[in-house]
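Heads up: the structure comes next, in structure tokens.
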Amino acid sequence: MTEHSLWRFSRALHRAINERQFDELKDHIDDNIDWAIYGPIDMFPFLGARRGKEAVLEVCRTLSDNIKIHRSDRESIMLGDETASSLIKYTLTGRDSSKPISVRFAHFAQFKDGRLASLRGLIDTFDLVEQALGRPIELRGIA
């Protein structure tokens with residue numbers, strides 16, 4: 001049995017973000033990739049929709065400039081022949097501080113010929129925004 005494309009892509013992505021090694025990552029992304037990670041774009045401009053390999057690589061470069069991945073724990077995963085989805089808890093730090101960041105990320109991926117062709121991601125942005133602000137968000141006035 002061959003290794004699933006998700007594992008190869010995940011290793012290359014982590015290496016690209018942590019070590020700024022993007023050459024291997026390029027090999028795991030389809031030229032016409034359709035990529036979207038949903039969240040507050042105004043606060044985190046690397047979120048949102050992108051189309052094409054270069055646009056996605058630019059997102060990964062921005063992530064690499066801003067964070068370092070210390071740990072990723074897959075809480076749930078489902079693999080198909082050319083599909084994958086998982087819920088991952090990431091432990092990160094900002095590159096400009098040693099402030100720890102913990103975030104959950106759910107993704108739904110499709111592969112074509114071993115390359116990532118489509119990605120939809122959801123981030124627990126409420127928790128992420130609280131960590132970025134350094135304080136809890138008060139919701140009493142909203143409810």
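Taking the stated definitions as given, is residue 137 crowded, with 16+ Cβ neighbours inside 10 Å and either aliphatic (A, V, I, L, M) or within 17 Å of the chain's Cα centre (by Cα) (or both)? Break it down into steps so the answer makes sense when it comes.
Values: crowded, with 16+ Cβ neighbours inside 10 Å: no; either aliphatic (A, V, I, L, M) or within 17 Å of the chain's Cα centre (by Cα) (or both): yes.
Taking the combined requirement at face value, the residue does not satisfy it.
Taking segment 82-116, which residues are more than 18 Å from the chain's Cα centre (by Cα) and either surrounded by 14 or more Cβ atoms within 10 Å (Cβ to Cβ) or modelled with pLDDT of 95 or more (or both)?
82, 112, 113, 114
Based on what the data block shows, is residue 64 under 21 Å from residue 128 (Cα atoms) and in contact with a helix residue (DSSP H, G or I) (Cβ under 9 Å, 6 or more places away or on another chain)?
yes
Please verify whether residue 76 is in a strand (DSSP E or B) and without any contact (Cβ under 8 Å) to a residue 12 or more places away in the chain, treating the condition exactly as stated.
So residue 76 fits the description; yes.
Can you tell me which residues in segment 19-43 are part of a loop (DSSP other than H, G, I, E, B) and out of contact with any Cys (no Cβ under 8 Å at 6 or more places or on another chain)? Lay out the reasoning, then the answer.
Just the residues of segment 19-43 that are part of a loop (DSSP other than H, G, I, E, B), to begin with: 20-22, 27-28, 39-43.
Of everything in segment 19-43, those that are part of a loop (DSSP other than H, G, I, E, B) and out of contact with any Cys (no Cβ under 8 Å at 6 or more places or on another chain) turn out to be 20, 21, 27, 28, 39, 40, 41, 42, 43.
Tally up the residues in segment 79-112 that are of a type outside the set (Lys, Arg) and outside any strand (DSSP E or B), please. Spell out the reasoning first.
Residues of segment 79-112 that are of a type outside the set (Lys, Arg), as a first pass: 79-88, 90-94, 96-98, 100-103, 105-111.
So of that shortlist, the ones also outside any strand (DSSP E or B) come out as 80-82, 96-98.
Count: 6.
Just to check your reading of the model, which residue among 49, 16 is of a type in the set (A, V, I, L, M) and loosely packed, with under 15 Cβ neighbours inside 10 Å?
When all the criteria are applied, what remains is 49.
Which of the residues that make up segment 44-73 are in a strand (DSSP E or B), touching a Lys or Arg at 6+ places or on another chain (Cβ under 9 Å) and not hydroxyl-bearing (Ser, Thr, Tyr)?
Those that are in a strand (DSSP E or B), touching a Lys or Arg at 6+ places or on another chain (Cβ under 9 Å) and not hydroxyl-bearing (Ser, Thr, Tyr): 67, 68, 71, 73.
Among (1) loosely packed, with under 13 Cβ neighbours inside 10 Å; (2) at pLDDT below 95; (3) in contact with a strand residue (DSSP E or B) (Cβ under 9 Å, 6 or more places away or on another chain), where does residue 68 come up short?
Only one criterion is unmet by residue 68, namely (1).
The values are calculated or read from the model by the stated rules, or taken from the named source; none is laboratory data. These numbers were taken from a predicted model, which means no experiment stands behind them. When we count neighbours, we look across all protein chains shown, and the Cβ atoms used for this are built from the backbone with ideal geometry, even at glycine.
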